[in-house]
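The values are calculated or read from the model by the stated rules, or taken from the named source; none is laboratory data. Quick caveat, the model's predicted, so the values are computed rather than measured. Don't worry about glycine lacking a Cβ; one is built from the backbone with ideal geometry, like all the others, and counts go over all protein chains shown. Please note that ligands, DNA and RNA were not included when accessible areas were found on the heavy atoms of the full protein model with its side chains. Shrake-Rupley method; radii C 1.70, N 1.55, O 1.52, S 1.80 Å.
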Amino acid sequence: MEAVDLLLKDVLKNSHMPRTMIGASPPMQDLRRLITRVSQSDSAVLITGESGSGKELVAETIHNESSRHGGPFVAINCAALPASLVEAELFGFNKGGFAGAVRSHAGIFERAYGGTVFLDEITEMPLEVQSYLLRVLESGRITRLGSGIETKIDVRIIAATSRCPLQASKEGQLREDVYYRLAVFPIAVPPLRRRGNDIQLLISHFLEQLNDRYGVDKSVSVELRKEFQAYSWPGNVRELANAMERAFMLSEQFIAPIQLDSNIALANAEDKESVTLPVGTRLAHAERVLIELTLRHYNGNRQKTADVLGCSLKTLYNKLQTYSSKPSQNVS
């Protein structure tokens, strides 16, 4: 445990790394051990994990801790390029190799010589291109478009997908032979919701980054930390980073829950308390029940209640004034 914590601190202090892995939870400790182990080899790696969980960061860390750290790390998002360009970007092309090829171009396998190629969202790569990739995985050679000459490459290949690769293979979107060639060493990145107090470490990390960027010294309230801890973060670390930046920009000196994205606040409210209404309940009554329960949940904080419900403070105040003159009915 202590050795892993020291390793995490070393990573945070290592200035040559483009980004940092933050986390000391058991899932992250397991991930760090896998990264350390696979970094000592030159095997192909297949990284799986939800969108925003940090798959590219894992790939970068493997590269930086391997014997190839002095070489380039070249990444391509297979879902971001048109299918017609994926092959040319991967393998390169010679001048005149196809219509519009007015100059020769080295593909990423050539540009990454001595380093690592990261193929993000591999399940989005066209099947025809996957067949060419299989040949690269088997032979270690590529052929530029418009050329009949094979070129020896020296790269490590790391791929990633936010989908289940076996399911993608069954659905015909990932060749089975490509899958088994890539999954020599599979790594699953844990979603943020399973990482416990890592959320607090990430909050502090992003706050420090934002304070440094803007030359200020803002702080985060305990209440906001609790709200962030309670949220399920379907967009994972990327969503947390965006939420922190939004709250930071909307706050003055103190970042409080009032700067929360309404989706986060509402999701937390839904997780903590619920109400059941029978079919046929009048709309006005349903609205009153929701408002009163939300107000009670937030200990009478009217601004917070208005923010969560998506109405103005004045509208909430007027409705509460109306309710105060009428008896309420219990609903469970």
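Scan the stretch 117-138 for residues that are more than 21 Å from the chain's Cα centre (by Cα) and open to solvent by less than 50 Å² (accessible area, probe 1.4 Å) and report the count.
Just the residues of the stretch 117-138 that are more than 21 Å from the chain's Cα centre (by Cα), to begin with: 126-138.
Adding the requirement that they be open to solvent by less than 50 Å² (accessible area, probe 1.4 Å) leaves 126, 129-131, 133-134, 136-137.
The total comes to 8.
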I'd like the residue in the stretch 174-186 that is aliphatic (A, V, I, L, M) and assigned to a loop (DSSP other than H, G, I, E, B) and, out of all such residues, is nearest to GLN130 (Cα to Cα). LEU174
So LEU224 fits all but one of (1) at pLDDT 95 or above; (2) more than 16 Å from the chain's Cα centre (by Cα); (3) closer than 16 Å to GLU245 by Cβ; what number is the exception? (1)
If I filter the stretch 191-221 down to residues being more than 17 Å from the chain's Cα centre (by Cα), outside any helix (DSSP H, G or I) and small (Gly, Ala, Ser), which single residue comes out as farthest from GLY52 (Cα to Cα)? GLY215
Residue pairs qualifying under the 8 Å Cβ cut-off, at least six apart or on distinct chains, with the first in the stretch 105-118 being within 7 Å of VAL155 (Cα to Cα) and the second being open to solvent by 10 Å² or more (accessible area, probe 1.4 Å) and among the acidic types (Asp, Glu), are TYR113/ASP154; GLY114/ASP154
Restricting attention to the stretch 287-307, which residues are touching a residue at least 40 places away in the same chain (Cβ under 8 Å) and either aromatic (Phe, Trp, Tyr) or buried (at least 16 other Cβ atoms within 10 Å of the Cβ) (or both)? ARG288, VAL289, LYS304, ASP307
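Of a type in the set (S, T, N, Q) and either at pLDDT below 95 or within 20 Å of ARG144 (Cα to Cα) (or both), is that true of SER67?
When the stated conditions are applied, SER67 does not pass them.
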Per the filter on the stretch 158-172, residues closer than 11 Å to GLU121 by Cα and hydroxyl-bearing (Ser, Thr, Tyr) are THR161, SER162
Kindly check whether there is at least one residue in the stretch 187-195 that is at pLDDT 95 or above, closer than 30 Å to TYR132 by Cα and open to solvent by 60 Å² or more (accessible area, probe 1.4 Å). yes
In the stretch 141-177, which residue that is loosely packed, with under 14 Cβ neighbours inside 10 Å and small (Gly, Ala, Ser) is modelled with the lowest pLDDT? GLY148
Which number in (1) outside any helix (DSSP H, G or I); (2) open to solvent by less than 80 Å² (accessible area, probe 1.4 Å) marks the one condition that VAL237 misses? (1)
